[in-house]
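**Q** Here's a structure for you.
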Amino acid sequence: MENSANKFLIPVAIVFAGIVIAIAVFFSSGKNPSPSGDTNGGKTIATAVPEISSADFVLGDAGAPVTIIEYSDYQCPFCSKFFKETESVLREKYIKTGKVKFISRDFAFLGDESTWAAEAAHCAGEQGKFWQYHDYLFENQGGENSGAFGKDKLKSFAAALGLDKDKFNSCLDSGKYENVVKDENKTGGGAGVSGTPANFINGKLYAGAMPTANFTQIIDGLLNQK
């Protein structure tokens, strides 16, 4: 009788142990999910770091020891948040002081108005006002593909900034920078960008929105290595 009971208990114990292990694996895998999406600020290493070219619009000292290349979409609300909360701090603390140079690249993936806005910024760049137009777009962001960045609106932005209206309108209507925007999208994707904002800081890709304190910590760490 005792032997029969033991024979019954052994397989029950094995099954119970298996259940315990499965539960432990489930909960341990859920404790540290890998970062993803726009709000987690995940960090990866770029497999193909984008090169800086003469076509880039560079804000700051070209010889600055830290380089930030941001891929963004003018309709992206997280990019607007980055512009208002983080980029403003970077400009005052690091860019104006010659510690960081900042490059803005297009990753226009949210629809036609994203593409048109990106093209419009390049058209403004022909008249030396890329950054003023870049800022104006984020300051006047509306709903995605709701008309906030329709071509007539984009032309009115140029007029508000004092750009030559005829030159700007002709540039935008011609689609002159359509392939440039597409190429920047392709380059970003090839370097690991899958959403916006995405920032390369001295070659490392930091995907998604990060708190400003994280940016300053990363930059200060790089500066202290110099």
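**Q** Can you say whether Tyr177 is in contact (Cβ under 8 Å) with a residue 40 or more places away in the chain and of a type in the set (Ser, Thr, Tyr), as far as the supplied structure shows?
**A** Yes: the conditions hold for Tyr177.
**Q** How about the range 130-152: which of its residues are buried (at least 18 other Cβ atoms within 10 Å of the Cβ) and more than 23 Å from Val58 (Cα to Cα)?
**A** The one that is buried (at least 18 other Cβ atoms within 10 Å of the Cβ) and more than 23 Å from Val58 (Cα to Cα): Phe149.
**Q** Inside the range 167-208, can you point out the residues that are basic (Lys, Arg) and part of a helix (DSSP H, G or I)?
**A** Matches in the range 167-208: Lys167, Lys182, Lys186.
**Q** Name the single residue that is surrounded by the fewest Cβ atoms within 10 Å (Cβ to Cβ) among those in the range 59-88 being hydrophobic (A, V, I, L, M, F, W, C) and within 14 Å of Ile219 (Cα to Cα).
**A** Per the stated criteria, the residue is Ala64.
**Q** Give the range 129-146 a look and list any residue that's in contact with a Gly (Cβ under 8 Å, 6 or more places away or on another chain) and modelled with pLDDT under 95, or say none.
**A** Of everything in the range 129-146, those that are in contact with a Gly (Cβ under 8 Å, 6 or more places away or on another chain) and modelled with pLDDT under 95 turn out to be Glu144, Asn145.
**Q** Considering the range 110-141 alone, what residues qualify as being in contact (Cβ under 8 Å) with a residue 40 or more places away in the chain, over 19 Å from Val180 (Cα atoms) and not charged (D, E, K, R)?
**A** Phe138, Gln141, listed by residue number.
So that you can scan it fast, the table gives a plain yes or no per residue for (1) closer than 21 Å to Thr196 by Cβ; (2) at pLDDT 95 or above; (3) in contact with a His (Cβ under 7 Å, 6 or more places away or on another chain); (4) in a helix (DSSP H, G or I):
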| position | (1), (2), (3), (4) |
| --- | --- |
| Glu92 | no, yes, no, yes |
| Thr97 | no, yes, no, no |
| Phe102 | yes, yes, no, no |
| Ser114 | yes, yes, no, yes |
| Ala148 | yes, no, no, no |
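Matching residues to (1) of a type in the set (Phe, Trp, Tyr); (2) at positive phi:
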| site | (1), (2) |
| --- | --- |
| Tyr136 | yes, no |
| Gly142 | no, no |
| Lys153 | no, no |
| Asp166 | no, no |
| Gly188 | no, no |
| Val193 | no, no |
| Asn202 | no, yes |
| Leu205 | no, no |
| Met210 | no, no |
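**Q** Here are some conditions: (1) in contact (Cβ under 8 Å) with a residue 40 or more places away in the chain; (2) in a loop (DSSP other than H, G, I, E, B). Phe83 meets all but one. Which one does it not meet?
**A** Going through (1) in contact (Cβ under 8 Å) with a residue 40 or more places away in the chain; (2) in a loop (DSSP other than H, G, I, E, B) one by one, Phe83 breaks only (2).
**Q** So which residues in the range 177-212 are loosely packed, with under 15 Cβ neighbours inside 10 Å and touching a helix residue (DSSP H, G or I) at 6+ places or on another chain (Cβ under 7 Å), if there are any at all?
**A** Glu178, Val180
**Q** Under 30 Å from Pro65 (Cβ atoms), assigned by TED's automatic domain parsing to the domain that holds Gly111 and among the aliphatic types (A, V, I, L, M), is that true of Leu161?
**A** Considered against the rule, which asks whether it is under 30 Å from Pro65 (Cβ atoms), assigned by TED's automatic domain parsing to the domain that holds Gly111 and among the aliphatic types (A, V, I, L, M), Leu161 comes out as no.
The values are calculated or read from the model by the stated rules, or taken from the named source; none is laboratory data. As the structure is a computational prediction, the values presented were derived from the model and not from experiment. Ideal geometry is used to build each Cβ from the backbone, glycine not excepted, and the neighbour counts take in all protein chains shown.
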